[in-house]
1. Can you tell which of A:Ala102, A:Ala74 is touching a helix residue (DSSP H, G or I) at 6+ places or on another chain (Cβ under 6 Å), within 14 Å of chain B (Cβ to nearest Cβ) and over 21 Å from A:Thr203 (Cα atoms)?
2. Is at least one residue of region B:125-133 surrounded by 17 or more Cβ atoms within 10 Å (Cβ to Cβ), more than 14 Å from chain A (Cβ to nearest Cβ) and assigned to a strand (DSSP E or B)?
3. Of all residues being of a type in the set (A, V, I, L, M, F, W, C) and buried (at least 24 other Cβ atoms within 10 Å of the Cβ) in region A:64-81, which is nearest to A:Ala155 (Cα to Cα)? Just the residue, please.
4. Can you list the strands (runs of 3 or more DSSP E) lying wholly within region B:1-97 that have 3 or more residues being over 22 Å from B:Ala157 (Cα atoms)?
5. Which condition from (1) crowded, with 19+ Cβ neighbours inside 10 Å; (2) out of contact with any Ser or Thr (no Cβ under 9 Å at 6 or more places or on another chain) is the one that A:Leu50 breaks?
6. Scan region B:58-99 for residues that are of a type in the set (A, V, I, L, M), in contact with a Leu (Cβ under 6 Å, 6 or more places away or on another chain) and either in contact (Cβ under 8 Å) with a residue 60 or more places away in the chain or within 10 Å of another protein chain (Cβ to nearest Cβ) (or both) and jot them down.
7. Given the conditions (1) in contact with a Pro (Cβ under 8 Å, 6 or more places away or on another chain); (2) at pLDDT 95 or above, which single one is not true for A:Trp104?
8. Of the numbered conditions (1) at pLDDT 90 or above; (2) away from every other protein chain (no Cβ under 14 Å), B:Asn8 satisfies every one except a single condition; which is it?
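The values are calculated or read from the model by the stated rules, or taken from the named source; none is laboratory data. Model, not experiment: these values are computed from the prediction. Ideal geometry is used to build each Cβ from the backbone, glycine not excepted, and the neighbour counts take in all protein chains shown.
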Amino acid sequence: MGPMLTVARRELAGYFATPVAYVFIVIFLVLSGALTFTLGGFFNRGQADLQPFFNFVPWLFLFLVPALTMRLWAEERRLGTIELLLTLPLTQWQAVWGKFLAAWAFCAVALALTFPLWVTINALGNPDNGVVLAGYLGCLMVAGAYLAVGAALSAATKNQVIAFVLAVAACFLFAAAGSPIVTDFLSTRVPALAELARAVSVTERFNSFARGVVAARDVVFFASFIGFWLFLNAVVLDHRKAD
Amino acid sequence: MTAHGGPNLPALIEIEHLTRRFGAFTAVDDVSFTVEKGEVLGFLGPNGAGKSTTMKMLAGFVTPTAGTARIAGHDIADAPVAAKRALGFLPEGAPTYPEMTVTGFLQFVARIRGFRGATLDEKVAAAMAQTQLEGVRLQPIETLSKGFKRRVGLAQALLHDPPVLVLDEPTDGLDPNQKHEVRELIRRMAPEKAIIISTHILEEVEAVCTRAIIIARGRILADAPPRDLLRPGHTLEQVFRELTLAREAA
């Protein structure tokens, strides 16, 4: 536990020591706000809920989260600090989870800073705050899923641009897997794959969170999704750390 | 080799048949040696001879293709964390996190090494005193000169007063005065530790090492106290060139 949290703490402080944190948070807030009020029709819907906001979060994270994870391991390899970190007395797991937790906590901060939206709907009407909370939990789950994918891909390359592009592509796969375009296409041709696509879809599960349903199987899905990709991260790291 | 280790204690560093291949290329080829307490081993060889790879394997960063190593009795494969606790390692190029301050960086390392509170502050202060870093303690590492960066790396390796030190080119980039300081520091610590340093500077070997190993193409060519490597009328440099060039031609 100790070394893991120490790694997480250093990593999180690192975000705020460079402009990364501020750029990320500002862009996230501006884009999510703008999309919620324009395309989302926040006021025109006449409903006091955050549905228009939640609809856009997974798609924003699709680009912003890989921007966060691309430097996670690639930067350590470029600087050579990976050699320092992995020769300190900590297990590979502690390093992998420490970095992941730092990035996750950072996403939680960015999400928490959207609180003016929550204040707004509470001032305008009587929203179901349980549903709102479930929606935020869902956002955090999606962030965790994308972070784990991005972290594993960042461990595979020294080049941050490659890490970013690969992570966006991989996350898009899991974001789009449950969309009607993909499932309709697959169900007419390869029905077996359509089921699979729906099963691994991140957006599908997020939508039930956004509707206020926190189902155990969805939580288990995200937990195992994150666990799987971080396991992959450790394996890739072990094989490629010294290249 | 020397009597410092005592008759019954195992050597602090034991390397047995270490081999590392990268594809068809063998970087380190069946290297075995031990280093006992009180010894300062100079690791010499041309660039690409396998010095850094050997040190990286010892530090648990590169996984050996074959063979094993023990640090203070802990096997690097079976008990990596225990082995790393007993080791202070300065990686090649002395990598550090550029955005951190010197104090922040050393505190991070101390915390991973399990120090807390007053002990942590003491350890960090002692490491900075040993490497003369007090003047720059609050400066971000990226603003420091090459010599200071190298000393931050050194401070990080010494911080927990480990029984085993593995230093990859500890004096690279330092000016003559700083080189002298680091050599003095190594000499001062030597009686209590087993130390391996790699270097290109042959005078450094004569100045601080009790023993020298010359390696080329992944194999050990010579293993003896520096003065025994010298033959009448030859400098250490001539011996080094003869040994390593003959090996490369073969």
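1. A:Ala102
2. No: region B:125-133 contains no residue that is surrounded by 17 or more Cβ atoms within 10 Å (Cβ to Cβ), more than 14 Å from chain A (Cβ to nearest Cβ) and assigned to a strand (DSSP E or B).
3. Here is the first cut: in region A:64-81, the ones of a type in the set (A, V, I, L, M, F, W, C) are A:64-65, A:67-68, A:70, A:72-74, A:79.
The next check asks that each one be buried (at least 24 other Cβ atoms within 10 Å of the Cβ); those that pass are A:65, A:68, A:70, A:72-73.
Numbers: A:Val65: 15, A:Leu68: 13, A:Met70: 9, A:Leu72: 8, A:Trp73: 5 Å.
Of everything passing the filter in region A:64-81, A:Trp73 is nearest to A:Ala155 (Cα to Cα).
4. Correct list: B:13-22, B:25-35, B:66-71.
5. (2)
6. In the first step, residues of region B:58-99 are kept if they are of a type in the set (A, V, I, L, M); the result is B:58-59, B:62, B:66, B:69, B:71-72, B:76-77, B:79, B:81-83, B:86-87, B:90, B:94.
Filter once more, so that each one left must be in contact with a Leu (Cβ under 6 Å, 6 or more places away or on another chain): B:69, B:71-72, B:90.
Scanning region B:58-99 gives B:Ile71, B:Ala72, B:Leu90.
7. (1)
8. Every listed condition holds for B:Asn8 apart from (1).
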